Structure formats: structure tokens, C-alpha cells
1. For chain A, what's the relative contact order in percent, using C-alpha pairs closer than 8 Å and at least 6 residues apart?
2. Once R0 is set to 30 Å, what does the formula 1/(1 + (r/R0)^6) return for the Cβ-Cβ distance between residue A:263 and residue A:288, expressed as a FRET efficiency to the nearest 0.05?
3. Report the Stokes-Einstein translational diffusion coefficient (µm² s⁻¹, integer) for region B:223-287, Rh taken as the Kirkwood radius over Cα pairs, at 4 °C with viscosity 1.567 mPa s.
4. With the calculation restricted to Cα positions, what are the radius of gyration and Dmax of the protein assembly as shown in angstrom?
5. Which one, B:132, B:49, B:63, projects farthest toward the positive side of the charge dipole computed for region B:2-218 from Cβ point charges (K/R +1, D/E -1)?
6. Output needed for chain A: three equivalent-ellipsoid semi-axes, defined as square roots of 5 times the C-alpha gyration tensor eigenvalues, in descending order, whole Å.
7. Name the most mobile residue of A:90, A:197, A:312, meaning the one with the largest mean-square fluctuation, in a Gaussian network model of chain A with Cα contacts below 10 Å.
8. What is the P(r) of region A:216-298, as percent of Cα-Cα pairs per 5 Å bin from 0?
Amino acid sequence: MSRFFKFMGASLKMLYRDRMALFWLFLFPLLLMLLLGTIFGKSGQADISLGFVDLDRSQISKGIESALEGIEAFNLKRGTEKELLEELGDAKINAVLILESGFAESVTQGKPGKAVIYVDRSSPNVSEIAASTVNQVLDEIAREIAARAPGGRPVPRMIDVEQKSVSSGELSYVDFIVPGVLAITLMTSGLMGLSLDFVNYREKGILRRIKVSPLPLSRFLGAEITAAMVMSLIQAVILLAVGKLVFGIDIRGDYLSMAVVVLIGSASFLAMGFMISSLVQTFKTAEAVSNVVSFPMMFLSGVFFPLALMPDFLASVARVLPLYYLGDALREVMIKGNSLFSVWLDIVVLIAVGLACFGISVRFFRWE
Amino acid sequence: MAAITVTDLKKSYGDIKAVDGVSFDVEEKEVFGILGPNGAGKTTTLEIIETLRDDDSGEITVAGLDVRRDSRSIKEVIGVQLQTTVFFDKLTVRETIELFASFYNNRVKAESLLELAGLEERSNAMLNELSGGQHKRVSIALALVNDPKIVFLDEPTTGLDPQARRSVWDIVTRLREQEKTVVVTTHYIEEAEYLCDRVAVMDHGHIIATGTPDELIDRYSPESHITFTLTPTVDESVVRAITGVRGSRPYNGGYEVSTLTPQETLVGIFAAAYENGAVADQVSMKRATLEDVFLKITGRSLRE
């Protein structure tokens with residue numbers, strides 16, 4: 001065991017002394033996150049799209065509908081309650097207003113009309129704006145209508161709006177980008193870090209020198225991999241801490257589940273890196289191949305932008321890339337606070353990719 | 001008991017027979033050299049003994065252990081300096097020594113190795129700050145971290161300047177004093193002659209001669225060469241008649257003669273000069289070297 005820790009300690013020490021590596025492992029991801037978060041973080045204030053369900057089908061409810069249509073900030077969408085709630089759940093709309101049947105009757109009798117507004121609690125800012133605007137508008141309209149109705153008399157509060165929320169899990173861009181950047185960081189560390197070191201060690205003859213010592217390969221690999229995984233946890237902690245301090249992202253996941261996802265993701269990409277380093281001859285090729293693998297993944301895996309914003313064929317490309325599954329798992333577990341079980345598919349994919357890559361690396365491993 | 005026995009070792013890479021039926025023994029506590037030009041198969045032979053490569057056929061024992069069956073135990077008792085290892089850039093000399101020591105059950109204190117390799121003052125330097133000679137000394141120190149019985153040094157001075165080479169030789173001399181068995185490969189004649197108790201001369205995958213440097217010279221190239229000038233010049237037939245001269249040729253305005261009895265020939269040269277009214281000058285005598293042995297056996301120079 002002492003051999004193991006000695007080597008692991010040495011690995012971490014070497015990394016700590018390598019300023020370039022520190023930049024790429026820690027500073028670069030932070031800069032990326034800060035940059036993306038600052039540029040895109042505040043630009044989410046588009047029109048509010050409001051689902052509208054009219055169960056009352058009265059003149060008054062029609063009047064409310066056309067009044068809402070007239071408001072510029074609203075993008076009105078009609079449909080059944082079920083459809084619209086589903087869309088809200090998918091974050092395609094921001095709120096759903098339902099006018100219950102008997103709405104007109106109540107209003108004309110001077111009682112508050114019943115309405116329900118559903119908002120998406122995952123994006124509290126938009127929800128609040130949507131709910132309060134709708135409330136205000138409804139109230140005004142209802143007052144007017146009631147005043148004009150025969151025998152109507154104004155009441156202090158015309159509409160009884162019940163506010164309900166669903167969670168689409170749709171995130172603000174910053175919530176989205178933090179796990180995304182973390183996923184990218186774990187990927188690049190896996191593909192570019194240890195595996196390139198390995199090619200380097202092989203080229204320099206260090207692997208051969210280790211082979212003539214009694215240190216078993218497994219111990220050596222294990223120590224290096226453990227060191228790399230420790231680094232990945234540190235990366236995750238730093239990124240999340242800065243994300244929270246600077247952008248106030250809401251971390252709902254429990255730490256154990258988060259660590260599990262980080263470690264599985266890290267291991268999976270380390271294995272992929274090892275596979276590359278076992279298959280290629282020289283450091284330069286390894287570097288090039290790692291770039292060729294990681295760049296498309298970075299942009300096509302939906303870690304910078306939601307898949308929903310991508311054309312369909314690109315979205316289907318994303319689903320064959322392992323980074324998509326890591327990004328998804330991190331988002332679900334860290335930000336949305338979902339359980340590991342809910343991301344089982346992501347985890348299975350990452351483990352399968354990791355094992356396959358590891359198998360290939362072992363098969364093609366060379367000491368020199 | 002021999003420290004190492006190698007019997008009929010063969011190893012091919014494709015059509016190339018890198019090692020073609022090599023046999024030799026290395027005695028305990030001796031410094032054994034494998035001398036030969038680049039591509040002779042020295043490194044391949046060494047690396048098979050070191051358990052780094054598999055052989056095609058042959059029997060090898062190291063410290064009484066079979067190379068194929070007991071490679072793990074062998075690794076504990078041998079120390080290896082490979083020809084071209086560059087170590088971790090970002091570790092210091094001391095850290096590198098301590099790291100490699102941690103791979104072994106038996107460990108030597110870093111201090112004593114730093115002292116032996118003359119690296120005390122550089123112990124906190126990063127590996128990438130070292131000169132070529134210092135780096136080589138680190139790699140030799142790393143071959144000693146487990147206090148090995150048998151030390152393998154593969155071309156330990158190749159590419160070093162004369163001073164750095166000298167300091168490596170001093171380390172090997174210290175190892176001899178510590179009664180370690182040392183196997184060293186080299187293509188430098190002087191190195192083999194200076195360091196080695198016995199030398200195996202290798203060429204094209206074969207060992208073509210084995211023995212102490214003196215034995216080899218006596219066996220293959222026993223003649224000494226004497227050069228001199230005679231003023232005024234004297235006919236070569238006179239020179240050829242001098243006692244013990246086996247061959248002669250004009251050389252630098254004078255002559256070079258070869259002889260098995262240098263002392264008598266020297267006296268003969270002065271006598272011949274006197275008898276012919278000439279003055280013998282610029283007399284110098286050179287005993288044969290392993291270079292001449294190699295030339296004699298292979299017909300080629302070692303340095304080509």
C-alpha cells in the first residue's frame with residue numbers, strides 16, 4: 001500500500017509543479033464558465049409564452065383571452081390542459097393559465113372567478129413575472145367585465161387565482177453551463193491529462209524502467225488513476241464553489257451522489273484517454289487524436305447549449321457521444337437534485353464506455 | 001557459483017537475428033563488459049537478462065533464478081540502468097530516488113546513493129535542470145536503490161564528455177569495491193579496458209571472444225607497434241632485419257614496425273641506427289588494444 005501512496009503522492013506533486021497543467025485543469029474551466037455565464041447568463045428574458053386553457057367557454061373568458069392576446073409581453077398558446085402542462089414540463093412554455101368552468105358565472109354574481117396558474121418553479125424569475133402579470137391583467141379585465149355586467153357590482157377581489165407549480169427542470173443558462181463546463185473539464189482531463197503523460201512516459205522510457213522494477217503494472221496504473229480521480233473531485237469542488245459564489249447557482253444534489261457521478265465520468269474518460277494512448281505511437285499523435293475526439297464532443301454533446309436548441313439531427317448525434325451522458329447526469333444530480341437512480345441510463349452508458357475503452361487499452365498496452 | 005549464466009540465447013526481430021546463440025557466464029563480484037559496435041546485439045542481450053524482453057530460445061539464470069519463471073524475484077535483486085531513460089521532469093533528484101526505492105522490498109537510504117553518485121549538491125534540483133552527465137548518474141543511482149547484488153549498466157557513458165565519463169567510471173569502481181557484480185555494455189575500448197575484469201566482444205549477434213582484456217590482446221593481437229625516425233634515412237631492408245621485427249611500413253617520414261618482443265626490438269633499432277650512422281628519434285611504442293583485437297577478429301574497426 002505504501003508503494004501505491006508513494007506513487008500517487010509523486011503524481012500529484014508533479015502535477016502541482018506543472019503550471020501549464022494547472023492552468024488547463026483549473027483556471028481554464030473557471031475562465032470558460034465565467035465567460036459563458038457572464039455573456040449568456042442574463043439574456044434569458046424573452047417574451048413570456050403563456051399556455052391558455054379555457055374551460056369556461058363564456059363570453060367573459062373569451063374576453064380575457066383576447067385581452068391577454070393584446071398584451072405584447074405574452075405569447076399566447078392554446079391547447080388542452082394536459083398538452084400544455086406537458087409543454088410546461090418540457091420548458092417549452094413559461095406558464096399555463098386555466099380558467100375553470102363557472103368562471104363567468106362567479107364573476108357576474110360578484111364572486112371571485114376561479115382560475116389556476118401553473119408556473120415552472122425551476123425558473124423562478126420568469127415564473128414570478130408571468131404569474132404576477134397574469135394576475136394583474138386578469139384582475140383588471142374581470143373588474144371591467146363585472147362592472148359592465150347587468151346587476152354586477154365591483155368586489156374587492158374579482159379573481160381567485162390559485163398558483164401551482166410544476167418543475168420542468170429547465171435551468172437558467174448558468175445552471176446549465178456549470179455542470180456543462182464540469183463535464184467538459186472531466187473529459188479533457190481524462191483525454192489530455194494522464195493519458196498523454198503515459199505516452200510521454202513511454203517515449204521517455206520511464207515505463208520500461210518501471211517494468212524492470214518489481215512494482216506491478218496494476219499498482220502503478222492504480223496510483224496514477226487514483227491521483228487523477230482525486231484531481232477530478234477537486235476540479236468539481238472548485239467549479240461548483242465558484243458557480244455558487246459568482247452566479248448563485250442552486251446546488252440541490254447530495255454530495256455523495258455528485259461525487260459518484262464525477263468519479264464515474266472521470267474514470268470513463270480516463271479509460272478513453274488510455275485507449276488512445278495505447279493505440280497511438282507518439283506523443284504528438286496522441287495529442288492530435290485526443291483533440292479530434294474531444295472537440296466535436298465539446299460542441300455537439302449539448303453541454304454548452306440544450307439539445308432542444310439544436311437541429312434534430314445534431315441532437316441525435318449528441319446522443320451517441322459519451323459527453324452528453326456525463327453532462328446530463330451532472331445536471332440532473334447536481335442542479336436538479338435528482339437521484340442517481342433517475343440517471344441510471346447515463347451511468348450505465350458511462351460505465352460501459354469506460355469498460356470497453358479500458359479493455360481495449362489493456363489489449364493494446366505497450367511498455368515501449 | 002556464477003552470478004549469471006547465459007546459454008545459447010537467441011532472439012530475432014523478423015528476419016534480423018539480433019542475438020544469435022550467445023553463451024557466457026558472469027562470475028560473482030566481477031565487472032563484466034560486453035563490448036561491441038552499435039547494433040551488435042548488446043542491449044538486446046542485456047534486456048533479456050534484465051527480464052525486460054522475452055527471448056526466443058536459450059537458458060538464462062540470474063542469481064540462480066530462472067529468468068522466465070522467477071522474473072519477479074530477479075527484479076528484486078538486480079539493479080538496472082537503461083540506455084535511454086529520461087525521468088520525471090517535475091521531481092527532484094532525491095524525490096526520484098525515493099520514489100523508485102519505494103518499488104522494492106529492500107531499500108537503500110537516498111543519502112548514501114546521492115553521495116555515491118556525487119549528487120549531494122543537486123539533490124533538490126529538478127530532473128530537467130540536470131546536465132547530461134548528472135542525469136546519467138541519477139539513472140545509475142536509481143539502479144542501486146534496492147542494494148542489488150547484480151547491477152546492469154547499458155552504455156553508461158555514451159554521449160558524455162570525458163570528464164563526465166570519468167565520474168561514471170569512479171562510480172563503477174566504487175561498486176567493485178562494494179563487491180557488486182556489474183554487467184556493463186559499451187562501445188568504448190578504453191572503457192572496457194579500464195573498468196572490466198572480463199570482456200565479451202560481440203558482433204552481429206555473436207560473442208566472438210571472451211576473456212580479460214590482457215588475455216584477449218595476448219590471444220588475438222599480441223604485437224606491439226613501435227614508430228621512429230632515422231636521420232639520415234636508412235633503407236627499409238635494414239629496418240626489417242632488426243631483431244624481432246615481424247612487419248614494417250614507412251610512417252611519417254620514418255617507420256612503424258610490429259614486434260612480439262618490444263624490448264629487444266627497441267635495442268635493435270638503436271643499434272641499427274648506430275651501425276648506419278643515423279640518429280633514431282621520435283621513438284614511441286604502443287601496445288595493442290581491444291580495438292586491435294576487434295579489428296583482427298572482424299576485419300572492421302569498432303568505431304565505424
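1. Values: 556 pairs, mean separation 65.3, N = 368.
Dividing the mean separation by the residue count of chain A yields 18 percent.
2. Details: r = 28 Å, r/R0 = 0.93.
In this case the efficiency is close to 0.60.
3. Details: Rh = 11.2 Å.
D = 116 µm²/s.
4. Answer for the protein assembly as shown, Rg first and Dmax second: 41.3, 160 Å.
5. B:132
6. Numbers: eigenvalues 645, 59, 50 Å².
Each semi-axis is the square root of five times an eigenvalue, giving 57, 17, 16 Å.
7. Greatest mean-square fluctuation among the candidates belongs to A:312.
8. With 5 Å bins starting at 0, P(r) equals 3, 12, 17, 19, 19, 14, 9, 5, 2, 0.
The values are calculated or read from the model by the stated rules, or taken from the named source; none is laboratory data. Remember, predicted model here, so these are calculated numbers, not experimental data. All Cβ positions, even for glycine, are placed from backbone atoms using ideal geometry, and neighbour counts span all protein chains on display. Heavy atoms of the whole protein, side chains included, go into the accessibility calculation; ligands, DNA and RNA do not. Shrake-Rupley method; radii C 1.70, N 1.55, O 1.52, S 1.80 Å.
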